[in-house]
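Below: the structure, in structure tokens.
Since every read-out is calculated from the coordinates, none of them should be taken as a lab result. Note that the structure is predicted; figures quoted are calculated from it, not measured. Note that we place each Cβ from the backbone using ideal geometry, even for glycine, and neighbour counts take in every protein chain shown.
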């Protein structure tokens, strides 16, 4: 009994401490100064999961940040400032993301922009970042950002419902499947695909055979896999990050008599972490034969691609999570490509606006991204900086292709179909026509 | 019906992996008086060691790698107990304090693995063997091997506890360490050997857990640790037979639940049953108060 009382007292003390810490964190972040000390390095904050089930995302965004800032610094930086990256771990959980965001504003007086903010935490952190009047390029597909206006929010990746339509369009018009199963993770970012996918399957006249939710922290998914196998789908639409898809798909293969059921993934499955875990679990050649994904059209060669490729090559040894195989995957991964473009757009906007204050330079992101009449097209930070120095208007088109921002600062892009080679290289397998895409909306 | 039977089979596999881990945890708790939350991280550390051994060459079997993982698990458990938990216990730290220390060890080991090895997931190089269907159950050769391995360990542990001097000494130490010492049992040595034994079980369970998972990372065992605790407390802390029964109940009910309710809530029924049983028998089903 006395032990119980001691436990009770300890818990009460811990609770008081925790509440105190939360109050302190909450009070520490009401304002942000945009006064940057002359010549001080400007910080790009990578606010993303570095631990937890989506831990791989933060590291890949960091690779993109290092590549972009190294290229910028090689060309003299931005308005006399060197660029640098800082990381803030959200653990992929809003409960951890909010304190991490507050810590970011409390500890980084020279913050220039934020990248990351995935679907795991965007709903919680975007309003905070916006209230601090800080430009952010977010990797979220959540549909609420299609119609809620945050002046400092920018997005170069499609809303999740667009991706759902693209996946169903691939299933119906490119692969000619009629029976579809859904298997998405139970995280916020993955679940947003489910509703639009079900609607789209119905609209397309296809059959939804099973819809299973995968708990990303679970240890096996055999019953879920058997549910899917017994429903006899021709294809599984999926996004379950961490080790979940690897475990689930290996169990599907086993329970389907050793034969893999084809898979259509979201663009988030085009990542080195997803590839290596799933290829390890079901076999690289099996994955290559049975997997496609929707992805935004990205350059794989040419003047838009070369500066990005060179920048990534320059930093590949600085990023621990990257080996040569995963670098090849990352070169087509949305996390690397579109954030690289976002950072270049923001940096060039600062130069154009002659200010590092987000309130001043944010509108120039739209001008440089969408272009104005007579603008010179540039494909790198260095080219853009040189043209701006000549007093020219510029339009930046990077590896992610041309942008077209709407009034909510979303630039949804055009979809293509990607796959993997057995070595993990991303292959462009075709496109999705506008007519096919609209037919399943 | 066929999905129900299949889920029972899947539950048996989960229960087998869980039983090896839960029995090790329970015996360790019985002998050391530590609710060792770092157990899950030692499991994963052992799974990583098995992976590195498995990757040494194409001929290195995962079953051989499992032996190396058992050695690592044994040593790591011994070191943690001897140099972390025991000093705190000697200073008279309350049990709840030791639990917090073990939570700290869990995080330290997990984050160290993540810092060294990265956030990616790994898979063993191994064949799953043929898939066998029997009376509605669908199991691969590897899963049958895991069930067989678990049965062997359970029987082996039973024989050890019942019929060997060391087993009896462990039971006596768990029942009352002071009395056991006064009876001439070298309890410090018993604790050391028990840590090695349960650590080895921890290493083996980590490897079977990773085999069963197909793909694992540094934090993969987080939820599994909760299932281990549930199995242990369902059967009665310190009760290896209780842990076996607890593992069976938790493992099977979890998988069968996924047939009837949304799969991401499949752990809920198992924990509801845990709460109900603990409400009726607060010290677990096997509440004799000492090992065995």
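Just a few scattered comments:
- Taking 0.36 nm per residue of sequence separation and removing the Cα-Cα distance, the residue B:275/residue B:182 pair yields an extension gain of 29.7 nm.
- Nearest-0.05 FRET efficiency for residue B:262 and residue B:175, computed from C-beta distance (R0 45 Å): 0.55
- Fraction of the pair-distance distribution of region A:323-403 above 18 Å, Cα-Cα pairs, percent: 40 percent
- Axis angle, to the nearest 10 degrees, between helix B:240-260 and the longest C-alpha principal axis of chain B: 30 degrees.
- Peptides ranked, highest mean first, by Cβ atoms within 10 Å: ranges A:84-97, A:424-437: A:84-97, A:424-437
- Cα gyration tensor shape of region B:31-174, rounded if a/c is under 1.5, else prolate or oblate by comparing a/b with b/c: oblate
- Translational diffusion of region A:164-280 was estimated from the Stokes-Einstein equation, with Rh taken as the Kirkwood radius over Cα pairs; at 10 °C and 1.306 mPa s the coefficient is 114 µm²/s.
- DSSP beta bridges confined to chain A are antiparallel in about 20 percent of cases.
- Placing dummy labels 7 Å off each Cα toward the beta-carbon, the span from residue B:226 to residue A:406 is 3.7 nm.
- Distance in nm between pseudo-label sites at residue A:203 and residue B:134 (7 Å out along the Cβ direction from Cα): 5.0 nm
- The label point for residue B:88 and the one for residue A:285, both projected 7 Å from the Cα toward the Cβ, are 5.1 nm apart.
- To the nearest ten degrees, helix B:141-163 and the longest principal axis of the Cα atoms of chain B are 20 degrees apart.
- The mean number of Cβ atoms from other chains found within 10 Å of a Cβ in peptide A:377-387 is 0, as a whole number.
- Highest-first packing order for the peptide set B:217-230, B:84-97 is B:217-230, B:84-97, based on the mean count of other beta carbon atoms within 10 Å.
- Here the convex hull built on the C-alpha positions of region B:135-292 has a volume of 137 cubic angstrom per residue.
- For the peptides A:327-333, A:284-290, residues were scored by their other Cβ atoms within 10 Å and the scores averaged per peptide; the highest-first order is A:327-333, A:284-290.
- Available extension along the chain between residue A:232 and residue A:370 is 45.1 nm, counting 0.36 nm per residue and deducting the alpha carbon span.
- Computed from Cα positions, the angle between helix B:39-54 and the longest principal axis of chain B comes to roughly 60 degrees.
- Shielding of peptide B:264-273 by partners, expressed as the average count of other chain Cβ atoms within 10 Å per residue Cβ, is 2.
- Cα-based Rg and Dmax for region A:367-423, where Dmax is the largest Cα-Cα distance (Å): 14.5, 48
- Across every direction, the projection of the convex hull enclosing the Cα atoms of region B:110-206 has a mean area of 10.2 nm².
- The mean count of C-beta atoms from other chains within 10 Å of the C-beta of residues in B:276-286, rounded to a whole number, is 0.
- Relative pair counts by distance (%), Cα atoms of chain A, 10 Å bins: 5, 22, 31, 24, 13, 5, 1, 0, 0
- Cα gyration tensor shape for region B:1-76, rounded if a/c is under 1.5, else prolate or oblate: oblate
- From the Kirkwood radius over Cα pairs of region B:2-280, Stokes-Einstein at 25 °C and 0.890 mPa s returns a whole-number translational diffusion coefficient of 128 µm²/s.
- Mean projected area (nm²) of the alpha-carbon convex hull when region B:187-252 is viewed from all directions: 5.1 nm²
- Cβ-Cβ FRET estimate between residue A:95 and residue A:128, R0 fixed at 22 Å, reported to 0.05: 0.95
- Stokes-Einstein diffusion of region B:169-220 at 10 °C, 1.306 mPa s viscosity, Kirkwood radius from Cα pairs, rounded to a whole number: 123 µm²/s.
- Calculated FRET value between residue B:162 and residue B:63, using beta carbons and R₀ = 45 Å, to 0.05: 0.95
- Region A:270-420 - share of DSSP beta bridges that are antiparallel (%, nearest 5): 60 percent
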